[in-house]
Amino acid sequence: MPYSIQYDDADFVFVVFEGDLDAAVVKVFVREVVSFAKEHKCFRILADYRKTTLKLSIGFIYELPNLIVREAAITGASVDQMKRALVVPQKFYEGFRFFETVSLNRSQKIRIFEDMDEARTWLLTP
């Protein structure tokens, strides 16, 4: 798979994704990240997408927050527990920004960044 998931000692899940981010990969990816977070009882997630090529339709991006809700429910977790910081490349900022807006409209805690340090600071601030 084009990603790695690990637990960081600062008490967050750190995800690095490289390569094409398409619908088929996202469906598996979301399930694995949510399961990993549940297993470690850690729902702060820092995701690095800087080496990613966004290949998702607007329709899929619009429905993605619902997919995350469903996957969380399957594991017994809730998106209300999650706080997600996504670090993205400038060229795909607007696509990820749309995802942020849709997620926020569904009461999910998420923020998009271009800088890793800013993302980490926001994620670890209560």
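Read-outs throughout are calculated quantities, based only on the coordinates presented, and are distinct from any laboratory measurement. Please read these numbers as outputs of a predicted model, since none were measured by experiment. We place every Cβ from the backbone using ideal geometry, glycine too, and count neighbours over all the protein chains shown.
General observations
- Expressed to the nearest 5 percent, the antiparallel share of DSSP beta bridges inside region 3-124 is 25 percent.
- Highest-first arrangement of 118-124, 29-35, where packing means the average Cβ count within 10 Å: 29-35, 118-124
- When the helices of the chain are scored as -39500 (n - 2.57) per DSSP H run of n ≥ 4 and the total is divided over every residue, the value at 222 nm lands at -15000 deg cm²/dmol.
- Compared with the alpha-carbon gap, the fully stretched path from Lys51 to Leu67 is longer by 3.4 nm at 0.36 nm per residue.
- Note, ³J(HN,Hα) from phi for region 40-57, Karplus 6.51, -1.76, 1.60, rounded to Hz, x at Gly and Pro: 8, 6, 9, 10, 8, 10, 10, 10, 9, 10, 5, 10, 10, 10, 7, 10, 10, 6
- Diagonalising the gyration tensor over the Cα atoms of region 3-124 and scaling each eigenvalue by 5 before taking the square root yields semi-axes of 19, 17, 14 Å, largest first.
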